[in-house]
Structure formats: C-alpha cells, structure tokens
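All remarks here apply to the structure that follows.
FYI, it's all coordinate maths here, none of it is from the lab. Predicted model only: the values in this text are computed from it and were never measured. With ideal geometry, Cβ positions are generated from the backbone for all residues, glycine too; neighbour counts draw on all protein chains shown.
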C-alpha cells in the first residue's frame, strides 16, 4: 500500500500521509513553515474543537446543515476537544499570522474524521472542510475566538486554583508567624521592627490582588469575535448564528462568553488579549518580589540573614557537601522572567492589527497559554515544595533585632530625634543593643526603656510608649 494519498485544494494536488486525518492545506503549511518545534497548546486545540462543535450545532438548528453531517461533525469535533486527535495538529506556531492554516487543519481533521464515520474514504470530502465544518465562519473570527476561549478556560481552571492555594498558604504562614518579631528592612538596610507574619501577610495580599486582576482579565476576554467572519461584516453567516453558537460554547465551557459589540475591533484589535496578559505580567512581578524575599530571608545559614528555614528538597552543589539552595524560588524567578518576555511578544503582536485583521495571532496565543501554564505550575510547585515547609528561626530573628539600631526610632518621642540618632550611631558602631547604649548614656531608666522599647508595640500603628 502507498504511504501517501493525493488530496486536492485550489492550488492543485498535494501528497498527504495515507493515514493522516488532515488534508492538502495542512500539508502545504507543514511544508511551508518548517521553523520550530512549537505547536499550539492543548487548550487551544480544545477550544477549536469546542467552537467547531458549537458551530455545527448552531448551523443544524438554523436549518443550514443536514442532520447526518452535523451529527458526524459534532462527534469528530468532540474528539478534537478531548485531545484524542492532538497528533493531527502538526503546523508550526510560526505560520500565517491569521492562523488560517491551523483553522484549516481543524476543518480538515474534523471533515475527514466525520467522513470516515459515515463510511467514506479519507480525502473524499463526504463531509467538506469548508462547506460543512467551516460553515458560517472564517479563520478570521474562529482563531480570535479560540484565543479568548482557550485563555479564559486555562485561567479559570488552572491558574486561579493555583493562586488561591498559594494565597491561602501565605495567609496560614502569616498567622503562624504573627508572634515572630524581627528587623524590618528598607533599601536593604535595617529599619524599624516588623513581625514575620506581617511580611507573609503582605505576600498573601499581593497574590490576592493578582487573583482579582486575573478575574478581570477573564471578564475582558469574554467578548468573542465569532460572527464577524472575514472582515467583521458577518458576510456568509445568518444573523442568529453567533448567539446560538456562543450559547453552545458557554454550555460546554461553563463560562459566560458573548458576541463582540464591535466585530471590527474584535478582529483587528487584540487589546483585550494584551490587557489580559498584562494581569499575568503584573502577577509575574509580584511573584518575583516574593520569591526573592524568601530566598534572601533564608540566606546563610552562617553568613546571611537565615531568619527562615526552607525545606531541603535536593542537594545544592556537586562539590560542596551539605549545601542546600532556594531552588523553588529560583524556578519561579525564571517563570516570571519568561512571562515578562511573553508580554513583550504579545505587546508587539497586538500592534499588528493591520486594517481589518491582526496578523500575529498564533505567536500571541502561544505566549499567552505558555504564561498561564507555567504560572499555574510554578505557583503550585512553590506552594507544595517550599511554602508549606517554611519555618521561622525565632532565635535568629531575635538576635538580629536586638542589634538593629533602628529600634532607636522609638526613642524619638522620649528623648528627641537628635539624641536618638546619637544612640543609633553608637549602637551600630559598637555592635551593641540600643538598650545598652541608652542605659550607658543615662538617658532613660530601665522602666522607661521597657515602656518605650516594647518591640511588639512598635509593629502596631501609633506612637510607641505614648
């Protein structure tokens, strides 16, 4: 048997692997774009399957598609959505900027799978990729819709649960460490006291704000382009098609998508996509700050801060015995860097909505879905392998706090700024506690010092000692 078959498109004959479900246009794209090993993510292929299935149901409802091909298309599209046919999506991310090649990849795979289910040969077009599977659609509205659907579902199902778990983990540590008094630091220098629980509470709040931004991003992506067809005019689709198809998308995903208020904006502009990734970029900035703090707080164990202890999950050196590194922080740092790079890609891509169509959608899609994936996985791994096992070194926190000259700030109300400054400088120069220097200079009695230097009170609003 031949290892290929001949399929035809508007440009002529094309050799296609004999058992491939895709057809001529897919094969041309495979031949034309041998650029990378990057392919569309599972979430995007899932979204394409959902859209094609929903479109077939809408077209059947509207009397445009007979029941037999409609039923076969719906079943084949479900196979695409479920991941059963992922190996048939073979086109490089770096392709036509509209994603037309990948839309046709989906059309051909679904058409051939549906044709086979009806007893026809592959390539027979018993179910036609354009006339039937792509009915009432265009690549130019399908691909933008798949972008929004895939990103929204991934954020909702993967990223938000990971962020909620991480936020709750930091909140739990904030409660556990509320009694741990330690040196605050501004400009990397000693500052007035804080509680370790307050620091971790700040991290929890950052993640909580990130959750709200991601939720806003999902809302921003809820408008979809389906119904605009080629240029936003809606040519070749009935008036009721978008609403019916989108209702089916919502039924399948459980998310509330709606038809774009302006199809020209939805297909030419990718502002909602840029904004949505902006929430991910902000989240990456938050995570980078947090995990950097964690690795600095754990630095040491003899020549760093060492105020917290991280779980030892793997050896840290091939030459230094016993060394353990903050590897989970480092992994999340690299995740954050990649997300920031992806934001540049999406920002540049968003600028190329030339007239009625953006022409950098495949790479924007890849960047978005990669960011969501690595952020979700990174947050979950950090929570499981680092955050849950963090312990406070209470003795070390107390040791450094007692040497902190900024405690002298609490003396301002009692002895004035100038004398407090003298005390702070003398304490730092002699590496003695502020308490010892004040007593030596006979500025306050021990009872007065006990009241003024109530360290816990320093971490609360108000004037210490008042």
With Cα atoms, 0 to 90° folded angle of helix 196-220 axis to the chain main axis
20
What do you get when you divide the Cα radius of gyration of the stretch 1-65 by 2.2 N^0.38 Å, with N the number of residues?
1.45
Quick one: which of 369-378, 208-217 comes out on top by average Cβ neighbours within 10 Å, and what's the full order, highest first?
369-378, 208-217
Per-selection Rg to Rh, the stretch 350-390 - Cα, Kirkwood hydrodynamic radius
1.35
Just one of [x] 37; [y] 49; [z] 31 is percent of Cα pairs over 34 Å apart calculated from these coordinates, so which is it?
[y]
Computed on alpha carbon atoms, what radius of gyration and Dmax characterise the stretch 160-223, expressed in Å?
15.2, 49
Please compute, over every Cα-Cα pair in the stretch 307-375, the percentage with a separation greater than 16 angstrom.
62
Going highest first, how would you order 397-409, 313-325 by mean Cβ packing within 10 Å?
397-409, 313-325
Rounded tilt (10° steps) of 241-253 against the dominant C-alpha axis of the chain
50
Over 15 Å [Cα-Cα, the stretch 68-115], rounded percent:
44
Quick one: which of 121-130, 295-304, 358-367 comes out on top by average Cβ neighbours within 10 Å, and what's the full order, highest first?
358-367, 121-130, 295-304
Please report, in whole Å, how far the alpha carbons of the stretch 216-371 spread along each principal axis, starting with the longest.
72, 33, 25
Rel. contact order, % - alpha carbon contacts under 8 angstrom, at least six apart, the chain
15
May I ask you to give the average projected area over all directions of the convex hull of the Cα atoms of the stretch 19-135, in nm² rounded to one decimal?
6.6
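Taking a quarter of the surface of the convex hull around the Cα atoms of the stretch 258-344, what do you get in nm²?
8.5
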Helix 327-350 versus the longest principal axis of the chain: what is the Cα-based angle in degrees, 0 to 90, to the nearest 10?
50
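What translational D, rounded to a whole number of µm²/s, comes out for the stretch 372-415 from Stokes-Einstein when the hydrodynamic radius is the Kirkwood one over Cα pairs, at 37 °C and 0.692 mPa s?
Calculated translational D: 236 µm²/s.
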In cubic angstrom per residue, the convex hull of the stretch 50-205 built on its Cα atoms measures 171
What helix-only [θ] at 222 nm does the chain give? Using -39500 (n - 2.57) per DSSP H run of at least 4, over all residues, to the nearest 500, the answer is -18000 deg cm²/dmol
So what is log10(I(q)/I(0)) for the stretch 403-458 at q = 0.15, 0.25 1/Å, when the Debye sum runs over its Cα atoms only?
-0.33, -0.97
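With the cut-off at 21 Å, report for the stretch 307-466 the share of all Cα pairs above it, as a whole percent.
67
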